[in-house]
Amino acid sequence: MSAIDPQIAEQLAQDLPPADFRRIIETFEDDLSRLSQQLEAAAIAGNWDGYQRAAHSLAGAAAAVGAVPLEQAARVAMDPRSPHPPTVVVPVIRDRAQAALQELSALVARFDRR
Amino acid sequence: MSGSAGRVLLVEDTPTQAEVARSHLRDLGHEIRTVETAAEALAQARAWDPDAILLDLELPDFSGLDVLKTLRAEGSETAVIVITANAPMNTAVEVMRAGATDFLPKPYPKAKLVFTLQNAMEKRALVIEKRALESELHAARALTARQGFMGFIGASPAMQAVYRTIESVASSRANIFITGESGTGKELAAEAVHKASPRAARPFVALNCGAIPRDLLESEIFGHVKGAFTGATESRTGAARQADGGTLFLDEIGEMPLEMQVKLLRFVQTGSFQPVGGSRPERVDVRFVCATNHDPLAEVEAGRFREDLYYRLYVVPIELPPLRSRGADVLLVARAFLAQFSREENKRFRRFSPEAEAAILGYPWPGNVRQLQNVVRNVVVLHEGERVEATMLPPPLLCAGPGGGEAPPITVATSLVPVPPPVIEIMPLAEMERRLILAALEHTGQDVPRAASLLEINPSTIYRKLQAWRGPKRVTG
């Protein structure tokens, strides 16, 4: 399964100059790093509000760049009725974030060459 | 405002989302400020007075919806575009009811954001222009309220507001959505918008979506090529092409089938369409004016009208007041009809008696101007004299009393035949047909599709007949 929705991410890359697209992906990378730490810290501390807030921001950031699988996992974390505990969801989010970043970086490189 | 730079406040707590929006807007020349919380959004909106706010709904301190409601309660007219992800449709309806200018789901392509923002800013500019015009005209209006405008008759404050709105929006390209009860003059308002616009010299094409069979509607709007379907022996130009450069008026838009709404949405968004059976899209420049006598938001909520099409068409609303809310306008309109029909029927009627005027004023007119038109025409046709007496009016008008209230129904017999004959009156077939159609319209409260159904004819037949009876000139209130 692809880690990004090519329609959304490529549309973004086509709509913008390469420098702007690169800056968005760098911002996304910063968001991922900060929000993943917040998410894991909140999960360890049992801080449910903080966990939900971080998951909500992660979902928003992922949606912006078409990282749909990551967005879906973050929405599971946001959902108070979800049967999946943080110990299950957090590693999934981490893996999907990593995969999304790799594919987006490849996309940046492809559009930089054009 | 379209195409010009303005102040845009971006309220977004996720840096990636904010960066996407800023990047999309970078080359438009707007001054953009970004805040991350609802409290900061309120502070900036008050201090900086932006032209538009791009507002995320889910903010860390409190909801974007509360920001919107607070600003509207304070009288802010800033264009507010609510942007959110995964929102259910009732959220869209709720934010539009709370005063949002538009609603944009995430993620969105650049073109959509730019289009929505420019539309919203143009709408705000119109509001400001309208406000300036209102204050400019305030003094003049107090002295001489207009008695009529572009075929409308009426000097009431409600109609003055309609005239001003039409004048304000006419020169814009913004789509117009007209609402109002049956018989309030929605097509006349559409024509007025067209005539007051820079498109006046180009065609005004009106299409009644409720009067055209479902399977012919696409061909009526977009045309067809020869051989497109059985019976398409010649290529035919549709309303969209006919209205190129001018105005396309889609009446009873709520009656349009959902599958046709999808095609109309594409046309509204892109300006291009494909004739039935055609292979290449055609591009035209039309301004859309739509009308319905239903509550369009309720239709969206009920799933009968596409939400995205609603947002594209409902840019500038014009609400036509019912006749019962227009005070003494009813007499102005009745007198104008009396003069017109007396002339057309070669009668001597010049005025109404005070008792007749009191009865007309006291009746609530559920069928609005169209019902008043029918009553006056029937009085003129069936009576003689210089003055219309109260006894010449249908009995329900005399029962209503001053101040209106519940409208006693005007039955076919009372409205059309003062003394019901014991046997069928023999008359020319065409006259009988006219009376029967008018009676069916009275019976259904001027609902043409229902009247057509009762008569087992096509609604378009009724429209054609009414048009023919109305003649080339008409007066409408």
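The values are calculated or read from the model by the stated rules, or taken from the named source; none is laboratory data. These numbers were taken from a predicted model, which means no experiment stands behind them. Heads up, the Cβs are rebuilt from the backbone with ideal geometry, glycines too, and the neighbour counts pull from every protein chain shown.
Tell me, please, whether a residue that is modelled with pLDDT of 70 or more and outside the structural domain of B:Glu187 (by TED's automatic domain parsing) can be found in the range B:164-171.
No; the residues of the range B:164-171 include none that is modelled with pLDDT of 70 or more and outside the structural domain of B:Glu187 (by TED's automatic domain parsing).
Please find, within the range A:1-13, the residue that is farthest from A:Leu104 (Cα to Cα) out of those that are more than 9 Å from every other protein chain (Cβ to nearest Cβ) and assigned to a helix (DSSP H, G or I).
Per the stated criteria, the residue is A:Gln7.
Please go through the range B:272-313 and pick out each residue that is in contact (Cβ under 8 Å) with a residue 24 or more places away in the chain and assigned to a strand (DSSP E or B).
Hits for the range B:272-313 are B:Phe273, B:Val276, B:Glu282, B:Arg287, B:Phe288, B:Val289, B:Cys290, B:Ala291, B:Thr292.
Would you pick out the residues in the range B:375-397 that are in a helix (DSSP H, G or I) and touching a strand residue (DSSP E or B) at 6+ places or on another chain (Cβ under 7 Å)?
B:Val379, the sole residue that qualifies.
Write out, first by first residue and then by second, each pair whose Cβ atoms fall under 6 Å of each other, whose residues are 6+ apart or on separate chains, and whose first residue, in the range A:76-92, is among the polar types (S, T, N, Q) while the second is modelled with pLDDT under 95.
A:Ser82/A:Val76
For residues in the range B:382-402 being among the hydrophobic types (A, V, I, L, M, F, W, C) and modelled with pLDDT under 85, which is surrounded by the fewest Cβ atoms within 10 Å (Cβ to Cβ)?
B:Cys399
Quick one: in the range A:22-48, which of the residues that are within 11 Å of chain B (Cβ to nearest Cβ) and under 21 Å from B:Asp61 (Cα atoms) is surrounded by the fewest Cβ atoms within 10 Å (Cβ to Cβ)?
For the range A:22-48, the residue satisfying everything is A:Arg34.
Conditions tested, residue by residue: (1) at pLDDT below 75; (2) surrounded by 15 or more Cβ atoms within 10 Å (Cβ to Cβ); (3) of a type in the set (D, E, K, R).
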residue: B:Ala440; (1), (2), (3): no, yes, no
residue: B:Asp447; (1), (2), (3): no, yes, yes
residue: B:Arg450; (1), (2), (3): no, yes, yes
residue: B:Gln467; (1), (2), (3): yes, no, no
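Within the bounds of the range B:279-298, is there any residue that is loosely packed, with under 15 Cβ neighbours inside 10 Å, at pLDDT below 90 and either among the acidic types (Asp, Glu) or touching an Asp or Glu at 6+ places or on another chain (Cβ under 9 Å) (or both)?
Yes; the residues of the range B:279-298 include at least one that is loosely packed, with under 15 Cβ neighbours inside 10 Å, at pLDDT below 90 and either among the acidic types (Asp, Glu) or touching an Asp or Glu at 6+ places or on another chain (Cβ under 9 Å) (or both).
For A:Glu71, which of the numbered conditions (1) of a type outside the set (A, V, I, L, M); (2) more than 14 Å from every other protein chain (Cβ to nearest Cβ); (3) within 19 Å of A:Ile4 (Cα to Cα) fails to hold?
(2)
If you check B:Arg236, B:Arg241, which single one turns out to be at pLDDT 90 or above and either of a type outside the set (Val, Ile, Thr) or crowded, with 21+ Cβ neighbours inside 10 Å (or both)?
Being at pLDDT 90 or above and either of a type outside the set (Val, Ile, Thr) or crowded, with 21+ Cβ neighbours inside 10 Å (or both) holds for just one of B:Arg236, B:Arg241, which is B:Arg241.
Residues are listed down the side, and each one gets a yes or a no for (1) touching a Pro at 6+ places or on another chain (Cβ under 6 Å); (2) in contact (Cβ under 8 Å) with a residue 40 or more places away in the chain:
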site: A:Thr27; (1), (2): yes, no
site: A:Gln38; (1), (2): no, no
site: A:Ala41; (1), (2): no, no
site: A:Gly50; (1), (2): no, no
site: A:Ala67; (1), (2): no, yes
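Select from the range B:26-54 the residues that are within 14 Å of another protein chain (Cβ to nearest Cβ) and touching a strand residue (DSSP E or B) at 6+ places or on another chain (Cβ under 6 Å) and list them in ascending order.
Result: B:Ile32, B:Thr34, B:Leu54.
Report the residue count in the range B:329-370 for those that are under 26 Å from B:Glu181 (Cβ atoms) and assigned to a helix (DSSP H, G or I).
The qualifying residues number 23.
Test each condition in (1) modelled with pLDDT of 90 or more; (2) surrounded by fewer than 20 Cβ atoms within 10 Å (Cβ to Cβ) for A:Arg81 and report the one that comes out false.
With (1) modelled with pLDDT of 90 or more; (2) surrounded by fewer than 20 Cβ atoms within 10 Å (Cβ to Cβ) applied to A:Arg81, the lone miss is (1).
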